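These notes concern the structure reproduced below.
The values are calculated or read from the model by the stated rules, or taken from the named source; none is laboratory data. None of these values were measured; they are calculated from a predicted model. Glycine gets a Cβ as well: all are built from the backbone with ideal geometry, and neighbour counts include every protein chain shown. Accessible surface areas use protein heavy atoms only, side chains included; no ligands, DNA or RNA. Shrake-Rupley method; radii C 1.70, N 1.55, O 1.52, S 1.80 Å.
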Amino acid sequence: MREILQYIHKDAFFHRLHPGTKIFLILVIGVITLLTLDIPVLCVILIAVLCMAFIGRVLREVLQQMALILAMSVIFILITLITMPSGEVLGYLIPGGFLPVTTGALYAGVLLTLRFAILIISFQIFVITTQPRDLVNTLEKMGVPIDYNLMFLIALRFIPTLQIEATKIHEAQLARGYAPGSGFVGRIKSVAPVMIPLVSNALARTTVLGLTIDMRGYRTRTRTPFREEHMHLLDKVVCVVIGMVLIAFLGIRVFPLIS
Amino acid sequence: MITLEEVSYSYPRGGRQAISRVSVNIEPGECLFVTGPSGAGKTTMCMAAAGILEHEFGGEKEGKITILGRNVKEYASLSEISGHVGMVFDDPEAQLIFTSVEEEILSALERRGLSAEEIESRLSSIMEVTQLTALKDRAPHALSGGQKQRLVLATTLALGTDIVILDEPTAELDERGTESIISVLKDLKAGGKTIVLTEHKFTKFRDLIDQMIVMDAGRIRALGKPGDLIADEFVKGVIFPDYSGIRDGSSHSPSDEQKPLVSIKNLEHAYGEVQALNGVSLDIFPGEFVAIVGENGSGKTTLIKHLIGLLRPSGGTVLVDGKDAGVAPVSDLAHSVGLVFQNPDHMFFADTVAEEIMFGIRNLGIPEPDMVLKKVLDATGLTHSRDLYPRWLSRGERQKLAIACVLAMRPKVIILDEPTTGLDGREAREVMEILKHLQQEGRSIVMVTHSRQIAEECTDRIITIDSGRIQSDIRREG
C-alpha cells in the first residue's frame, strides 16, 4: 500500500533539522510562492523544492504524489479556461467555437498549478521528515492550542488506517457480488456500500478516541520536557539562509511594487 | 478500591437499561473477571467503574459509585480519576493516537510529572514487559492485532494507575497472543495492581481470577469466587463453550467417484518479497465441514481469499466449482463461494437487516428473492430483527447477520474467518449449530479459527497451516 503523508524514519538532512526550522522554511516558501505572479520564477522554486526533496532523500515519496498534482492541474486549467477567459484565443476545446482556450486563462491555470504543486510538495517534505511527537510539541510551544494539535495529529495518524479499512470493506462487498457501477450515476451510487461502513466505523471510534485522550491527561496535564529537540548550529545556519532569501525576495519583488 | 452500589444506567439514546442494579465491591489487588453474552452490559459496567459514565456520558444514572473511597461525583473530572484508574477499551485501533510505538507510550509517560531519567527507565521497562522493544519505531497500522493490544496495554501501564480495567483485551488474538497478555496481567497482579477484566476465555484466565461476575441482560446473574459459581447451569453455558452433539457422527469422507468442489494445486502467493503461501494443495468435497487452524500470520486468510478471487495466485491453480479462481471475476465466483469476513462491521451499510440481506440477492439476481430472504432469516434466527438497524444488533446477532447475507447468495461453499470472535460460549454454539445445519443441506463449510476446541468438537476435518504450508490435514471418521 502506498502511504500518504506518513513520517518515514531516516537519517537525512531534513530529519536532522528542528521542526521549528522546517515550519519557518515552509512558511517562507509559502509567502514567496503566493507573492509571485511570474511563471518562470515559480518553475525555479518548484525545481528548488524538488532539489530539497532530493537532498532530504525523500524524492521518491514526493514523486509518488505527482499523479495527484497532475490531476489537479488538469482540473485547475479546465476551471480557469471556463471561468476566466481573457487575452488571445488560441483555439477551442470543443470544435465549432465552444470553450475558447485563451492565453489569460491558460496563464492563470498554470500559475495555480505551480503554486499548488510547490505548497503540496513542501508540506509533504515537512510532514514525512518530522516525527509527529516533535511536531506536536513544537506547535504546542508556538502557542497552537492542544486541541488543534491533536486534530492535526489524529488526521495524519488515521490516513493509513482508513486506507486499509477501505480496502477491507471493498473486499467484503466484492464478495457479496457488489459491482462498482459504470457511468457517472452508477459510480456515485456504488460509493454507498463502501463509504457508509467506512464512515460509520470511523464515527464509532470517536467516543473511545476522545475518552483515551482525556484519560491520558492530554488536555489537562502539563508535559515533562523529555528528549527535547534543540536548535543546533545547522538550524541556525539554515534559518539565516532562509531569512536572507526572504529579504532578498522582498527587496527585489515587493518593494519596487510599493515604491 | 471501587464499589458499585445498586448502579443502573440507560444510554441517552434510550432503550432499556444497559445495566440494572449492579452492586459489587472490588478489593485492592484482586482480579475481577466479568463475563456474559454480548450485549449483557459488561462494557457499560466497566465504564461505570472507571467513572466514565458519570463524567462523560449523559443518560439516566442511579446508584452510587466510589473510587478509592470517594464518590465519583466528587472528582472534578475524568482526567482526575484517570490518575487512579486506567482503562483499555476493546477497540485497540481507536486508542492509538501517535504514529509510532515509542511515541505512543511516551505520550502517557510525559504527562505524569516524572523526571526525564524516570521516563527513560520506565519507557524501557514497559516496552520490555509488553515485548514491544523490537517494534519501537513501528507505525500503528503496521502492527498485528496482538501487537496493537499489547501497545494499548503498555500505554495504560505507562499511566501508572493502581487500577486497570480491560475490556476484552484478547478478543481477536490467537493462543499465543492471549498467553502474552495473560503473562503481563500476572505480573501486574503480582505487583499489587487491581484488575477488572471482561472476557470470554474463562479457562485461560482462571489462575488470575479472585472474583467473578456473570452478567445477563444488564443484571448480575452470578457473583462470587469462580469455584462456587461453575456448578450453576447458566454460568456453565457462558464460560464453558459446549459443542457436544454438533458433530453428528455421520461420515463425510468423500467417495472415490465424488468430484471435489474446490481443488487447490501447489498454490503460492507472495506479498512483495514475503512468501505467504508456499505450495498449498488440497481438495474440498461437497458437504465437508473443514477447519483451518494456525497462528496469526500463518497464511490462513491469504489462502481463503484465493477461493473467491480477492487474491490471485502467484503460482499454482485454484479451481472452484469448475471455475478457475485465478482469473474468474469475483462477482462470478461469488455465485459459488460465500466469504464471511472476521469483522461483520466491514459490510453493513443498509438501514435494516432485511435490506442488508437483499443486497447480495440483488447483486447476483437470485430468483424468488422474498422467499430466499425469509428462509435465510429463519435459518439464522433473525426473523424478529428483520426491520432493525444492523449496527444496533449485539455482536452475536451481527455475526449471524453476516452469515445470513452470504447464505442468501446460495453459495455451495461457505467460508468463515474466525466466526466466533467476541462471542460467549452460548452464542458461539448457536453459530456452530447454524453452520452444521448448512452442512447437512449439502454445502461445504470452511472455517478459519484460532480455537482448537471448536475445530475438534465441530468439524470433520482439520487442516493446520504453518508459515504458508499445510502442516497436517486430518479427516476424522465418525
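Show that you can apply the helix-only estimate: for chain A, add -39,500 (n - 2.57) for every DSSP H stretch of four or more residues, divide by all residues, and state [θ] at 222 nm to the nearest 500. Each step should come with its number before you reach the end.
On the way: 12 runs with 178 residues, N = 259.
After summing the helix terms and dividing by the residues of chain A, the value is -22500 deg cm²/dmol.
Quick one: Cα centre-to-centre distance for region A:44-117 and region B:33-58, in angstrom?
Going from one Cα centre to the other spans 55 Å.
Viscosity 1.002 mPa s, temperature 20 °C: what is the translational diffusion coefficient of region A:42-175 from Stokes-Einstein with a Kirkwood Rh over Cα pairs, rounded to a whole number of µm²/s?
On the way: Rh = 18.1 Å.
Answer from the Stokes-Einstein relation: 118 µm²/s.
Please report, as a whole percent, how much of the solvent-accessible surface of region A:187-259 comes from carbon and sulfur atoms (probe radius 1.4 Å).
Of the solvent-accessible surface of region A:187-259, carbon and sulfur hold 73 percent.
Over 15 Å apart: what share of the alpha carbon pairs of region B:136-232 falls there, rounded to a whole percent? Show your work: numbers first, answer last.
Working: 3028 of 4656 pairs.
Cα-Cα pairs in region B:136-232 separated by more than 15 Å: 65 percent.
Report relative contact order for region A:49-169 in percent, whole number only (criteria: Cα-Cα under 8 Å, sequence separation at least 6). List each step's numbers first, then the result.
Details: 88 pairs, mean separation 25.3, N = 121.
Contact order relative to length: 21 percent.
From zero up to wherever the largest Cα-Cα distance of region B:1-49 sits, split into 10 Å bins and tell me the percent of pairs in each.
24, 56, 18, 2
Quick one: Karplus J couplings for region A:63-76, per residue in order, coefficients 6.51, -1.76, 1.60, θ = phi - 60°, nearest Hz, x for Gly and Pro?
Once rounded to whole Hz, the list reads 5, 5, 7, 4, 4, 4, 5, 4, 4, 5, 5, 4, 5, 4.
Which GluC sites (Glu not before Pro) in region B:216-325 sit in a loop by DSSP (not H, G, I, E or B) and have at most 10 other Cβ atoms within 10 Å of their own Cβ?
Values: sites: B:E233, B:E257, B:E268, B:E273, B:E288, B:E295; in loops: B:E257, B:E273, B:E288, B:E295.
Passing both the DSSP loop test and the Cβ count: B:E257, B:E273.
With a cap of 16 neighbouring Cβ atoms within 10 Å, and only residues DSSP puts in a loop, list the trypsin sites (Lys or Arg not before Pro) found in region B:1-40. Present the calculation step by step, with values, prior to reporting the outcome.
On the way: sites: B:R13, B:R16, B:R21; in loops: B:R13, B:R16.
Passing both the DSSP loop test and the Cβ count: B:R13, B:R16.
How many percent of the accessible area of region A:1-64 is carbon or sulfur, using a 1.4 Å probe? Could you put the intermediate results ahead of the total?
Details: 2380 of 3310 Å².
For region A:1-64, the apolar C and S fraction of the accessible surface comes to 72 percent.
Relative to the longest principal axis of the C-alpha atoms of chain B, give the angle of the C-alpha long axis of helix B:145-158, reported between 0 and 90° and rounded to the nearest 10°.
0
How big is the C-alpha Rg of chain B next to the rule-of-thumb value 2.2 N^0.38 Å, as a ratio?
Numbers: Rg = 23.8 Å, N = 478, 2.2 N^0.38 = 22.9 Å.
That works out to 1.04 for chain B.
Find the Rg to Rh ratio for region B:156-306, where Rh is the Kirkwood radius over alpha-carbon pairs and Rg uses the same atoms. Mind showing how you got there, number by number?
Numbers: Rg = 21.7 Å, Rh = 19.7 Å.
Here the Rg-to-Rh quotient is 1.10.
Step through the residues of region B:381-389 one at a time and calculate ³J(HN,Hα) from phi using the Karplus curve (6.51 cos²θ - 1.76 cosθ + 1.60, θ = phi - 60°), rounding each to whole Hz and writing x for Gly and Pro.
x, 10, 3, 5, 9, 4, 9, 7, 7
Does any residue of region A:224-258 lose at least 30 Å² of accessible area with all protein chains in place compared with its chain alone, and if so which ones (probe 1.4 Å)?
A:T224, A:F226, A:R227
Out of the total accessible area of region B:63-199 (probe 1.4 Å, heavy atoms of protein only), what percent is carbon and sulfur?
The C+S portion of the solvent-accessible surface of region B:63-199 is 46 percent.
Taking a cut-off of 11 Å, what percent of all Cα-Cα pairs in region B:329-378 are separated by more than that? Can you show the working numbers first?
Working: 900 of 1225 pairs.
So the portion of pairs separated by more than 11 Å is 73 percent.
So what J values fall out for region B:301-308 if you push phi through Karplus, 6.51 cos²θ - 1.76 cosθ + 1.60 with θ = phi - 60°, rounded to Hz, Gly and Pro as x?
5, 4, 4, 5, 5, 5, 6, 10
Express the accessible area of chain A per residue in Å², computed with a 1.4 Å probe while the remaining protein chains stay in the model.
Details: 13450 Å² over 259 residues.
On a per-residue basis, 52 Å².
Determine the shielding of peptide B:344-357 by partner chains: average, over its residues, the number of Cβ atoms on other chains within 10 angstrom of each Cβ. Mind showing how you got there, number by number?
Working: counts 2, 7, 13, 10, 7, 11, 3, 1, 0, 0, 0, 0, 1, 1.
Neighbouring Cβ atoms belonging to other protein chains average 4 per residue here.
List every residue whose amide H lies under 5 Å from the amide H of B:G86, counting only residues 5 or more places away in sequence or on a different chain, with H placed 1.01 Å from N in the peptide plane.
Under 5 Å from the amide H of B:G86: B:I163, B:V164, B:I165.
Where does region B:148-191 land on Rg/Rh, using Cα atoms and the Kirkwood Rh?
On the way: Rg = 10.2 Å, Rh = 10.9 Å.
Checking Rg against Rh, the ratio lands at 0.94.
Partner chain Cβ atoms within 10 Å, averaged over the residues of A:166-174 - can you pull that number for me? Please list the in-between numbers first.
Details: counts 1, 2, 5, 7, 2, 9, 14, 7, 10.
Average per residue, whole number: 6.
Using the Kirkwood radius built from alpha carbon pairs, what does the Stokes-Einstein equation give as D for the protein assembly as shown at 10 °C and 1.306 mPa s, in µm² per second?
D = 55 µm²/s.
Calculate, for chain B, the solvent-accessible area per residue in square angstrom, rolling a 1.4 angstrom probe over the heavy atoms of the protein chains. Numbers along the way, then the final one.
Numbers: 18150 Å² over 478 residues.
With the other protein chains kept in place, chain B gives 38 Å² per residue.
Based on the alpha-carbon gyration tensor of region B:258-412, what equivalent-ellipsoid semi-axes (square roots of 5 times the eigenvalues) come out, in whole Å, largest first?
30, 18, 14
Show me you know the interface measure: the accessible area buried between A and B, both chains summed, probe 1.4 Å, in Å² to the nearest 100. Don't skip to the end; give the middle numbers.
On the way: alone 16090 and 20710 Å², together 31600 Å².
That pair hides around 5200 Å² of surface in total.
In region B:139-167, which residues give up 10 Å² or more of accessible area once the other protein chains are added, compared with their chain alone (1.4 Å probe)?
B:P140, B:H141, B:T155, B:L159
For chain B, what is the relative contact order in percent, using Cα pairs closer than 8 Å and at least 6 residues apart in sequence? If you can, show how the numbers build up before the last one.
Values: 955 pairs, mean separation 79.3, N = 478.
With pairs under 8 Å counted, the relative contact order is 17 percent.
If the convex hull of the alpha-carbon atoms of region A:125-259 is projected onto planes in all directions, what is the mean projected area in square nanometres?
Numbers: hull surface 59.5 nm².
Directional mean of the projected Cα hull area for region A:125-259 stands at 14.9 nm².
Measure out, as a whole number of angstrom, how far apart the alpha-carbon centroids of region A:133-180 and region B:428-454 sit.
Each part's Cα centre sits 36 Å from the other's.
Given the options A:S73, A:S86, A:S190, state which has the largest fluctuation in a GNM of chain A using a 10 Å cut-off (strictly under) for Cα springs.
Greatest mean-square fluctuation among the candidates belongs to A:S190.
Can you say what percent of the DSSP beta bridges in the protein assembly as shown, counting only those with both residues inside, are antiparallel? Round to 5.
Details: 44 of 79 bridges.
Expressed as a percentage, antiparallel bridges in the protein assembly as shown total about 55.
With angles folded into 0 to 90 degrees, how steeply does helix B:425-440 sit against the dominant principal axis of chain B? Use alpha carbons for both and round to 10.
Roughly 10 degrees between the two axes.
Quick query: amide H of B:D466 versus all other amide H atoms, modeled in the peptide plane; which residues come in under 5 Å with a sequence gap of 5 or more or a different chain?
B:Q471
Using only helices, what value at 222 nm comes out for chain B when you add -39,500 (n - 2.57) per DSSP H run of length 4 or more and divide by the total residues, to the nearest 500 deg cm²/dmol?
Numbers: 17 runs with 155 residues, N = 478.
Counting only the DSSP helices, I get -9000 deg cm²/dmol.
Please give the average number of partner chain Cβ atoms lying within 10 Å of the Cβ of each residue in B:298-310, rounded to a whole number. Show your work: numbers first, answer last.
On the way: counts 0, 0, 0, 0, 0, 0, 0, 2, 0, 1, 3, 2, 6.
Mean number of neighbouring Cβ atoms from other chains: 1.
Given H placed 1.01 Å from N in the peptide plane, which residues other than close sequence neighbours of B:L416 have an amide H under 5 Å from its amide H?
Those qualifying (amide H under 5 Å, at least 5 residues apart or on another chain) are B:V340, B:V446, B:M447, B:V448.
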